[in-house]
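First comes the structure, then the notes that go with it.
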Amino acid sequence: MHADASIPALPCVELESTLAFYGLLGFDVTYKQRTPNPYAATRRGGAHLHFFGLKGLDPAAAFSTCLIIVDEVEGLHERFASALREQYGKLPLRGVPRITRMRTGQSRFTIVDPSGNSVIFIRRDEPSGHGDDGQEPQSVLAKALKTARRLRDFKNDDASAAKVLDVALKKPEAGTVAERARACLARAELAVVLNDAPRAKSLLGELDALTLSKSERGSLQDERESLERLLLRA
């Protein structure tokens, strides 16, 4: 007896370009028809996505979403990013299509396809509460970092995440020096994506001016290097 299965059917502006996009991500077309209505089925491993043509669909106003549970996300994100960078000449981080950024330890990321559909890839062993429902943050900066992370990673609302961090960073006694460093780095990354490279460089200057231990600064190194790569492509 086979287990029940659920397969999302997502709207698309145009079938061929949609299938070409998902082909970049390793999805194979298993069925396609043009008439009487455009419809196609795709598959990547155990993940199935179906698509149907929808006249008048505005990708900028689309909100269809589905989740795909996978064994790991960091390597998958890198493979997707490489394919998209090769296709578009740069990593598409804004508009449609786009891919959200990936940080070390992150448990999910989102692909937004040319029709505005969001496909969220989630690591199978993602901790309950997305990994931040352990000890409740106490300081203003720690609370802001948690809120900004959820806005950035799960709602894909970079502008709101930036505002939350801006408010916290304006307060002189908002948290520890290490928390301020993490907030500066997180806000700088958002500045790059929001097309504000000067602000990102200013925040990195603030980060460099902070008095941190060698281990504290070392813990930020991977994110710092990732941000500098983003700045080079900005």
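The values are calculated or read from the model by the stated rules, or taken from the named source; none is laboratory data. Here the structure is a predicted model, which is why all the values come from computation and not from measurement. Neighbour counts run over all protein chains shown; Cβ positions are idealised from the backbone, glycine included.
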Legend entry - Pairs with Cβ under 6 Å, 6+ apart, first in the range 103-119 and closer than 20 Å to L230 by Cβ and surrounded by 19 or more Cβ atoms within 10 Å (Cβ to Cβ), second of a type in the set (F, W, Y) and at pLDDT 95 or above: F109/F121
Legend entry - Selected residue (criterion: surrounded by the fewest Cβ atoms within 10 Å (Cβ to Cβ)) from residues of the range 127-151 that are under 30 Å from L25 (Cα atoms) and at pLDDT below 85: S128
Legend entry - Hits in the range 143-194 (condition: touching a residue at least 40 places away in the same chain (Cβ under 8 Å) and of a type in the set (D, E)): D153, E179, E189
Legend entry - Unique match (being more than 18 Å from F27 (Cα to Cα) and assigned by TED's automatic domain parsing to the domain that holds L190) among K171, K90: K171
Inset, instruction - Residues being out of contact with any Ser or Thr (no Cβ under 8 Å at 6 or more places or on another chain) and buried (at least 16 other Cβ atoms within 10 Å of the Cβ): count how many of those fall in the range 25-51. - result: 4
Legend entry - In the range 52-102, the residues that are surrounded by fewer than 18 Cβ atoms within 10 Å (Cβ to Cβ), of a type in the set (S, T, N, Q) and touching a residue at least 24 places away in the same chain (Cβ under 8 Å): S64, T65, Q87
Inset, instruction - Kindly provide the set of residues from the range 32-91 that are among the aromatic types (F, W, Y) and at pLDDT 95 or above, ordered by number. - result: Y39, F51, F52, F80
Inset, instruction - Kindly provide the set of residues from the range 34-67 that are over 15 Å from A20 (Cα atoms) and not in a loop (DSSP other than H, G, I, E, B), ordered by number. - result: A47, H48, P59, A60, A61, T65, C66, L67
Inset, instruction - Tally the residues that are among the β-branched types (V, I, T), over 24 Å from the mean Cα position of the chain (by Cα) and part of a helix (DSSP H, G or I), restricting the search to the range 169-209. - result: 1
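Name the single residue that is surrounded by the most Cβ atoms within 10 Å (Cβ to Cβ) among those in the range 1-15 being out of contact with any Pro (no Cβ under 9 Å at 6 or more places or on another chain) and closer than 15 Å to A41 by Cβ.
Filtering first and then ranking leaves L10.
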